[in-house]
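Below: one structure, written as structure tokens.
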Amino acid sequence: MEKENREVPKYLLEKKNMTLSVVFITLFSILFLLIYSPFSSTTWFNLLRTKSLIHTVLFYIIAISILTMSKILMYNLQKRIVITKKLYVIWLFLELIAISISYASYTMAIVRPEKGVFIVIMGKALYCIATMLAIPYVIFAFYSVIRSQKEELQMLRHRRAQRGAGYNEKQLVNLCDNNKVTKMTISLDSLYYLESKENYVKIHYENRGEIQHYMIRCKTKDIEESLAGTTMIRCHRSFIINVTKIKLLKDYKVNNYVILKHPDIKPIPVSKTYYAEIIKAISTDEKIES
């Protein structure tokens, strides 16, 4: 439990959210620049004067490149180790330092001020860039925490509903994380499909008629092995489906996919590798379209 509390909320490390954070920081910093630059007599960046605009665009390319490389490195690192809150904060601080050093160096190159002012420029850069980065990161952190807490609350409600339904142990499956700790106990009857999401597995299940989601940090292969002998079968490298929830099997020359019984679930692809296994698993009274 202590390790779990130290870990960064999972949605902060999603590829989609990392990309959005870079885009949001870029847009927010442009707004900040438009507001801040008229009140500063020492800044060279500007979006209105042609020469300053060229330098501003060049520096933005440098800064965005640093942020992008940072996110790529963090994304790959989190596949190997757990990114704790402490490590995440240190990482963001290093991003700040790297961009500030780049700004100070760029300023020294184009303005050519007197020697010894690098530290002064660096100090001002730290202040401004910290403001530009802090607000977007805080917004994304709140979003991630709220989303994770919503998942946990939905899971707790589902557990209570399962107890009330009187499920016994034979009707339930345990889903574990990379540390073999059970993170979710769920009935096969409410489980629709699992989706591979980077180094997480996203569980899609039904609760009170609605499809809910829960993410577990684990390998898809491990969770597939734990579900061996159940109605959960892999249909694609990124998907494991509950064959009892299949409504239709669409069989086309180019793409095959299954439609599950719940109307809110989009069609799920079936790769050629697993197609024969899916056909075999479907009972003869299932409706199949070709």
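The values are calculated or read from the model by the stated rules, or taken from the named source; none is laboratory data. Keep in mind it's a predicted model, so treat the numbers as computed, not measured. Virtual Cβ from ideal backbone geometry, glycine too; neighbours counted across all protein chains shown. In case anyone asks, the SASA skips ligands and DNA or RNA and just uses the protein heavy atoms, side chains included. Shrake-Rupley method; radii C 1.70, N 1.55, O 1.52, S 1.80 Å.
Remarks
- The stretch 226-285: number of residues that are of a type in the set (S, T, N, Q) and open to solvent by less than 60 Å² (accessible area, probe 1.4 Å): 7
- Screening Met215, Met184 for residues that are closer than 28 Å to Ile278 by Cβ, part of a strand (DSSP E or B) and under 18 Å from the mean Cα position of the chain (by Cα) leaves exactly one candidate, Met215.
- The residues in the stretch 93-102 that are in contact (Cβ under 8 Å) with a residue 40 or more places away in the chain and surrounded by fewer than 16 Cβ atoms within 10 Å (Cβ to Cβ) can be counted, and the count is 0.
- The condition (being open to solvent by less than 50 Å² (accessible area, probe 1.4 Å), modelled with pLDDT of 85 or more and within 14 Å of Ile223 (Cβ to Cβ)) is satisfied by just one residue among Tyr192, Tyr137, Tyr205: Tyr205.
Listed here are the residues, each with its yes/no results for (1) at pLDDT 90 or above; (2) part of a helix (DSSP H, G or I); (3) touching a Leu at 6+ places or on another chain (Cβ under 9 Å).
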position	(1), (2), (3)
Gly229	no, no, no
Ile240	yes, no, yes
Leu249	no, no, no
Ile259	yes, no, yes
His262	yes, no, no
Ile265	yes, no, no
Asp285	no, no, no
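To keep it simple, each residue is scored yes or no on (1) open to solvent by 40 Å² or more (accessible area, probe 1.4 Å); (2) outside any helix (DSSP H, G or I).
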site: Ala104; (1), (2): no, no
site: Ile121; (1), (2): no, no
site: Val145; (1), (2): yes, no
site: Leu153; (1), (2): yes, no
site: Gln162; (1), (2): no, no
site: Asn174; (1), (2): yes, yes
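- Being open to solvent by 40 Å² or more (accessible area, probe 1.4 Å), within 15 Å of the chain's Cα centre (by Cα) and over 16 Å from Lys16 (Cα atoms) is a property that holds for Val82.
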